[in-house]
1. Has the range B:78-99 got at least one residue that is facing another protein chain (nearest Cβ under 7 Å), under 28 Å from A:ARG127 (Cα atoms), crowded, with 18+ Cβ neighbours inside 10 Å and among the β-branched types (Val, Ile, Thr)?
2. Just to be sure, is B:LEU24 part of a helix (DSSP H, G or I) and either crowded, with 22+ Cβ neighbours inside 10 Å or at the interface with chain A (Cβ under 7 Å from one of its Cβ atoms) (or both)?
3. Kindly evaluate B:LEU15 against the criterion of being of a type outside the set (Gly, Ala, Ser) and at the interface with chain A (Cβ under 7 Å from one of its Cβ atoms).
4. Out of everything in the range A:18-46 that is under 18 Å from A:PHE71 (Cβ atoms) and in contact with a strand residue (DSSP E or B) (Cβ under 9 Å, 6 or more places away or on another chain), what residue ends up being surrounded by the most Cβ atoms within 10 Å (Cβ to Cβ)?
5. In the list A:ILE15, A:ILE10, which residue meets the criterion of being surrounded by fewer than 19 Cβ atoms within 10 Å (Cβ to Cβ) and in a helix (DSSP H, G or I)?
6. Does the range B:35-46 include one or more residues that are closer than 19 Å to A:ALA54 by Cβ, part of a helix (DSSP H, G or I), more than 7 Å from every other protein chain (Cβ to nearest Cβ) and touching a Phe, Trp or Tyr at 6+ places or on another chain (Cβ under 7 Å)?
7. Could we say that A:PHE71 is surrounded by fewer than 20 Cβ atoms within 10 Å (Cβ to Cβ), over 24 Å from B:PHE50 (Cα atoms) and either β-branched (Val, Ile, Thr) or facing chain B (nearest Cβ under 9 Å) (or both) here?
8. Has the range A:145-158 got any residue that is facing chain B (nearest Cβ under 8 Å), touching a residue at least 24 places away in the same chain (Cβ under 8 Å) and within 25 Å of the chain's Cα centre (by Cα)?
Amino acid sequence: MFFKFLFYLISAGIIGLTIVTAFSPNIIRSVFSLLGVMIGVACLYGIMGSQYLAVIQIMIYVGGIMVLFIFAVMFTSKIQDVQVTNRSLGKVQAGILSLAVFLMLAFVILYYPFPQETMGEHQSVERLGKVISTDYLPFLLGIGVILLASLVGAITIARPKKGED
Amino acid sequence: MDITVREMLLVAAFLFSSGIFIILTRQNAIAILMGVELLLNAVNINFVAFDRFLFDRVDGNVAALINIMLAAAEVAVALAIVICIFRGIRTAETDRLDSLRG
């Protein structure tokens, strides 16, 4: 019962902050409400009992990706001009389309006959670690190589050229 | 009275459609990337919810983990490209990127 209440609270927060992200004319406000959405998603992982993913979400999304977003916004936007930092066009058509997508997904979710809910034991860190280090070991190594290559590529792209301050 | 899988999936579906809305409407390239992040988060919630409520396995958690890492790599490269473009034409708005137009 307590978890149910907590779930509704966090979902309401996520939905409100997502709406702020979508409609705010100021891009700084959009970025910070997206940060709130990420923290809320980490709380949802915690409620669903996968603590490892909650910690990883906080570390990578909140600690890494959102800081990167804030840096990029500070680099590229004139923050004082609130009106021009985050323009948006075609709200009506895009609203109709995304509402259609949401209704379709909601229809499928509400009427698909899911199998009996098992509510098994917690997806503990121990189980996840065993699976990662045995069955999914090639994926883990591959993801490490991809991450290294993309970070080196990002630094190479973003570094100022010689003679350009 | 406990949380059901449908409620969790409905939250994820809302996040997904909002991400589509942001991608379609925003002009700033960084804001479009924020929409992409929302899509990835919605998919991760789906993975973890299926694991937790339906199958009692951890394979979905592994998939969500790999998704998070790929999102980190993607955001690093994409923001580097945005900064590089900004250095050239002093804007990050997508409808001003027309130097390849004939």
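Rule-based calculations on the coordinates, nothing more; no lab input. Please read these numbers as outputs of a predicted model, since none were measured by experiment. Please note: Cβ atoms are built from the backbone with ideal geometry, for glycine as well, and neighbour counts cover all protein chains shown.
1. no
2. On the way: part of a helix (DSSP H, G or I): yes; either crowded, with 22+ Cβ neighbours inside 10 Å or at the interface with chain A (Cβ under 7 Å from one of its Cβ atoms) (or both): yes.
Criteria met by B:LEU24.
3. Working: of a type outside the set (Gly, Ala, Ser): yes; at the interface with chain A (Cβ under 7 Å from one of its Cβ atoms): yes.
Yes.
4. A:SER30
5. On the way: A:ILE10 fails: surrounded by fewer than 19 Cβ atoms within 10 Å (Cβ to Cβ).
Criteria check complete, one pass: A:ILE15.
6. For the range B:35-46, residues closer than 19 Å to A:ALA54 by Cβ, part of a helix (DSSP H, G or I), more than 7 Å from every other protein chain (Cβ to nearest Cβ) and touching a Phe, Trp or Tyr at 6+ places or on another chain (Cβ under 7 Å): present.
7. Numbers: surrounded by fewer than 20 Cβ atoms within 10 Å (Cβ to Cβ): yes; over 24 Å from B:PHE50 (Cα atoms): yes; either β-branched (Val, Ile, Thr) or facing chain B (nearest Cβ under 9 Å) (or both): yes.
So A:PHE71 passes the test.
8. no
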